[in-house]
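Colleague: Let me give you the structure first, and then I'll get to my questions.
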Amino acid sequence: MFVTCVAATGKVHKENKKRMINQELLEILACPQCKEGVKINEKGDGLVCEKCRLLYEIRDDIPVMLVDEAKSLDDIE
Ligand SMILES: [Zn+2]
């Protein structure tokens with residue numbers, strides 16, 4: 001279901017500077033609802049809270065960390 005390896009490979013950042021979110025930013029981001037850490041999704045266009053099953057979209061490289069704006073993973077699957 002979830003790709004968890006992406007967040008763990010932050011070291012290889014020099015060559016993939018596409019629209020990959022900054023690893024340091026990812027480490028300080030937390031789900032606004034449960035305050036748990038979030039993980040980048042498979043496509044790299046959103047941050048996932050597995051606990052709440054919510055996807056926070058990344059728009060223009062800025063993660064939208066708002067519960068009201070988040071999508072349910074159950075709706076996406
Ligand atoms: Zn959460």
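The values are calculated or read from the model by the stated rules, or taken from the named source; none is laboratory data. What you see is a predicted model; the values in this text were computed from it and never measured. FYI the Cβ positions are ideal-geometry reconstructions off the backbone, even for glycines, and counts take in every protein chain you see.
Colleague: Among residues belonging to the range 44-77 that are crowded, with 16+ Cβ neighbours inside 10 Å and among the small types (Gly, Ala, Ser), point out the one that is farthest from the chain's Cα centre (by Cα).
Modeller: Ala70
Colleague: Only residues in the range 28-43 that are surrounded by 15 or more Cβ atoms within 10 Å (Cβ to Cβ) count as the first member; pair them with residues that are outside any loop (DSSP other than H, G, I, E, B) and modelled with pLDDT under 95, Cβ under 7 angstrom, at least 6 apart or cross-chain, and list the lot.
Modeller: Once the first residue is surrounded by 15 or more Cβ atoms within 10 Å (Cβ to Cβ) and sits in the range 28-43, its partners that are outside any loop (DSSP other than H, G, I, E, B) and modelled with pLDDT under 95 give Leu29/Pro63; Lys39/Ala7; Ile40/Val6; Ile40/Ala7; Ile40/Leu26.
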